[in-house]
Structure formats: C-alpha cells, structure tokens
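To start, the structure under review is shown below, and the notes come after it.
The values are calculated or read from the model by the stated rules, or taken from the named source; none is laboratory data. Note that the structure is a prediction, hence the values are computed from the model and not measured. So basically every Cβ, Gly included, is an ideal-geometry build from the backbone, and we count neighbours across all protein chains shown. The accessibility values were calculated without ligands, DNA or RNA, using every heavy atom of the protein model including side chains. Shrake-Rupley method; radii C 1.70, N 1.55, O 1.52, S 1.80 Å.
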Amino acid sequence: MTQEKKNGNLIAIITMFFLFAMISFVTNLAAPFGTIWRNEYAGSNTLGMMGNMMNFLAYLFMGIPAGNMLVKIGYKKTALIAMAVGFLGLFTQYLSSFVGAGTEVFSFGEYLIQLNFIIYLLGAFICGFCVCMLNTVVNPMLNLLGGGGNKGNQLIQTGGALNSLSGTLTPLFVGALIGTVTVKTAMSDVTPLLFVAMGVFVAAFIIISFVAIPEPHLKKGGTVKENFSHSPWSFRHTLLGVIGIFIYVGIEIGIPGTLNFYLSDSTSKGAGILVNGAAIGGAIAAIYWLLMLVGRTISSAISGKVSSRTQLIVVSTAAILFILIAIFTPKEVGVKVPSFIYDPVAKTTDILTNAGVPTNEIQAFIANPTEVDLSTYAEKLQEEANLTPEDVPNSLKAPQVPISAFFLILCGLCTSVMWGGIFNLAVEGLGKYTAQASGIFMMMVVGGGVLPLIQQSISDAAGYMASYWLIIAALAYLLFYGLVGCKNVNKDIPVE
C-alpha cells in the first residue's frame, strides 16, 4: 500500500468515526428535544415523544432499501447520500424554530397542532432515513478500511465507543442549553447543536467525496437473484428474535427518554425539581448512555468465556429488578444534586437578575429570603424561570433527585449487551438466510419509536413510574427469549 493510499484511508477512517458518533448524536436529539414540544403542548408526553417516533419510523421504510443501495451504488455513494439527507433533516428541524409557530393546522384531541411542530416531525423523519443508511454503511466500511479481521473489528469497536460517548453527551448538551423549561423555551434554544451537527455532515461529505473507498461488494450489470426454498421467517428462534430486537430498541430508548421527561417535569406529577430540571435530567440521562459504554466494554472482555444466552438472561433479570426497585421507591427518597451541577446561590442570582430584580435586592434576598418581597416581579419570574415568588426561596436549596432515577440509569449496563446477544442468538444456524435476516433486524429498529410512544401514553394517563411496567413486560419477553425462545427448533431446514 502506498503512503498516499494509507493517508487517504486514515482520513476516511477518522471521518467514519465522526459519522459513527453522529448516528448516536442525531438519534439522541429527539428525546430531549421532546421536552420542548411537551411544554409547548401543555405537558403532553405523547406529543413530546412524537419526534423520537418519527426518527425510528424511518427504519421501517429504509432498513432493507439501505442494504440494497450498498449493492447497487456502493458504500461511498450511499454514505454521501446519507450525509446529504442528514443535513436536510437537521435543517428542516432548524426551520421549525422560526417557521409556522402560531399557525394552527389541525386538532388532535384537546391540542391544536401547529405548523412548526409538523415541520419538526418531518425533520426528525428525514434524519431517521439518514441514520438508517449510516448504520448500514459505517460498520462494513470501517471493516473494509481496516482490512478486515482483527484490525477491522478493532476499528468498529473504536467507532462504537465514540458512538456511545456521543450518546452520553447529547442529552447533557441539550439539557444545558434548555436549563429550566419555561413558557419561553423553544427550538431556538437548541439551534447551536443543530448547526454543529450540520457542519459535521458538510465536512464529512466533502472529505468522503475526495477519498477512495474500496467497493468489493459493488455489483454491476445483470445479477441473478437467488431463490431460496425458505426464509428467515421459517425459523422460530429468528422470528422470536426479530420481535426481541423490536422490543429491545424500545426498552433502550424508553428508559432514559421517559426518565428525562420525569426529571424535567417540575409539577407534582414529575420529579418536582423546580429549577434546572431539564439540565439535571439531561445530566442524569447522560449517565445511562455512559453506562452503556461501560457495559459494552465489559461484555467485549468476557464474551469469549460467557455465552450471549447467559449474558441476555442475566441482564434481563437484573434490569427487571432495577426497575421494580425504581417503581416502588417513594419519590421523596432522593439525593441532593452536587454543587458542581447546581450552585444554589449562583442559580438564584441568575434567576433574579433575568427577572429584573436590582442587585441590592438580590443580595438582600440571598442573605434573608423571608424579608424580601418579590411579588413585583411575579410575571417576569413566571416567564423567565417558571417560578412564583413563593417558589424562589427553594432555588437556594440544592434540588433533590429521586433515588429511583439512579436505579433506572443502572439499566444502561444491562441494555448495552442486549442487541448483540439477541442478534447472535437469532441468526444462529441461519447460514445463507443470515443476510435477509439482517435487513429485517434493521427494520425492527422502529421499535425504538413505537414502544416509547406507548410508554408516554401510559405516563400521560397513569404517571411516569407506572409507565415502566411496560418496560418490565418487555424485559420479561427478553428473559423468555434467552431461556426458551432462542433455541433453534428448525434444524431440519437446509441452510447451505
């Protein structure tokens, strides 16, 4: 290999790493963005999760076509199309920050749906096409750039680590930009993240355009489609595994997504964190994604000795126990947010300053809150911080996060190994039907949109913690799959 080709491959590898991170970044924007739209529509968690639903719905339509694109036009062109589509999706979401607000289109129950929300959902749907194509491209492309074998796998694992890191940072950044959800909170508050993401896509598009990518699987001319006597659906363990993938992605997204809504909800229905709820919720949800990175690292170290079946059984059981503890632990049992996340004096000063309170009154209030009357600034406090004058003294106290939140984020250790475990068990013994099954699995990622949406409907009707019973039922299915459903009972079907 010439030095010039090595340099070209290195640039392509680094670009693929960024795209691997962008898959998680773009996907994980939907749930924290949902706190903005939930606030826009009077606290409707179901509408707040619709962006996430649209993002994952795209997989249902694009899962198999994305694989066909690799065969017909190759990795490079598919990646370039994906990046262009991603830029369009992010730009469409950006448009929702200033186009269509106040323009009512139709009614949905008690809610009047506005044009800007429809534009946002369209952008989320377009982004779903992008990440589906990137998911199909990035893994095999890194393997090719690495020359296959251990080196190729090493690049994929490195990309996966960056993917998890990006997933950790996304809710953290969104929460920091939103802070406290108020009547003024809007998509315009998070446009810096959209601009950064669009910039990465543009840079990656330009770089990949000039880099040579190996295309060993690109088929040209007339290829004869092979007819099989059976299909992946003929295998019971594969069929049950397809359902398992659908359920798993819903679990992975639903746990932190609902937790973020719960912590950012300052009402009695939510965690009751009056100030900086969105920022605190984003920080807590970020730990979930960080623990997924930890779990994957541990799994990669033990997978040579511990089977996928055993890992799936253990983590499903552990996750059920964690969520049961979270459900039955009273909301009042919690821990104080550390000062490096929430500084009471600094935050209170910031709230009062934004409400127009003079500096001398702020200092007097901090020294003795009961002696200062803030009723004059009531309207501004409500507008800027969603607080009444009576609530402001509580901003001088460190918020308390329910202990149940920490048991929920521990589930990140469990969900981290589920995809690989289910996939490995479901394709065991498929032989020539494995490629078809992979396309079906990609379509079933739509579960990441469907189950969280159902969970939010339950949370609207019965409360946040009650909605986690759906997650327990889903985990129970994965436990059943690990114990019984993963066994191949169709070994009589020829697969060579």
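Against the numbered list (1) in contact with a Leu (Cβ under 9 Å, 6 or more places away or on another chain); (2) modelled with pLDDT of 85 or more; (3) assigned to a helix (DSSP H, G or I); (4) not charged (D, E, K, R), ALA437 comes up short only at (2). So, ALA176, is that one modelled with pLDDT of 80 or more and in a helix (DSSP H, G or I) or not? Taking the combined requirement at face value, the residue does not satisfy it. On inspection, SER395 fails the criterion of being modelled with pLDDT of 85 or more, in contact with a helix residue (DSSP H, G or I) (Cβ under 8 Å, 6 or more places away or on another chain), open to solvent by less than 50 Å² (accessible area, probe 1.4 Å) and of a type in the set (S, T, N, Q).
Scanning the stretch 353-378 for residues that are modelled with pLDDT of 85 or more, assigned to a helix (DSSP H, G or I) and open to solvent by 60 Å² or more (accessible area, probe 1.4 Å) yields THR353, ASN354, THR359, ASN360, GLN363, ALA367, SER375, THR376.
Counting only residues that are among the charged types (D, E, K, R) and in a helix (DSSP H, G or I), the stretch 379-417 holds 4 of them.
Every condition in (1) open to solvent by 20 Å² or more (accessible area, probe 1.4 Å); (2) more than 16 Å from GLY449 (Cα to Cα); (3) under 18 Å from the mean Cα position of the chain (by Cα) is met by LEU57 except one, and the failing one is (2). I'd like the full set of residues that are surrounded by 14 or more Cβ atoms within 10 Å (Cβ to Cβ) and touching a strand residue (DSSP E or B) at 6+ places or on another chain (Cβ under 7 Å), limited to the stretch 71-102. Residues satisfying the conditions are GLY100, ALA101.
Note on the stretch 320-367: residues that are within 24 Å of GLY254 (Cβ to Cβ) and of a type in the set (Gly, Ala, Ser) total 2. Screening LYS269 against (1) outside any helix (DSSP H, G or I); (2) modelled with pLDDT under 85; (3) open to solvent by 10 Å² or more (accessible area, probe 1.4 Å) leaves a single unmet condition, (2). Applying the criterion of being open to solvent by 60 Å² or more (accessible area, probe 1.4 Å) and either in a loop (DSSP other than H, G, I, E, B) or touching a strand residue (DSSP E or B) at 6+ places or on another chain (Cβ under 7 Å) (or both) to the residues of the stretch 457-496, the residue that is nearest to ALA318 (Cα to Cα) is LYS487.
Of the residues making up the stretch 299-350, those that are among the charged types (D, E, K, R) and either more than 24 Å from TYR477 (Cβ to Cβ) or buried (at least 19 other Cβ atoms within 10 Å of the Cβ) (or both) are LYS305, LYS331, GLU332, LYS336, ASP343, LYS347, ASP350. Could you say whether any residue in the stretch 410-429 is open to solvent by less than 10 Å² (accessible area, probe 1.4 Å), over 24 Å from LEU172 (Cβ atoms) and without any contact (Cβ under 8 Å) to a residue 40 or more places away in the chain? So far as the stretch 410-429 goes, no, none of its residues is open to solvent by less than 10 Å² (accessible area, probe 1.4 Å), over 24 Å from LEU172 (Cβ atoms) and without any contact (Cβ under 8 Å) to a residue 40 or more places away in the chain.
Between residues in the stretch 317-328 that are touching a residue at least 60 places away in the same chain (Cβ under 8 Å) and under 17 Å from VAL417 (Cα atoms) and residues that are among the aromatic types (Phe, Trp, Tyr) and surrounded by fewer than 20 Cβ atoms within 10 Å (Cβ to Cβ), which pairs lie under 7 Å by C-beta distance while being six or more apart or on different chains? Cβ pairs passing all conditions: PHE322/PHE407.
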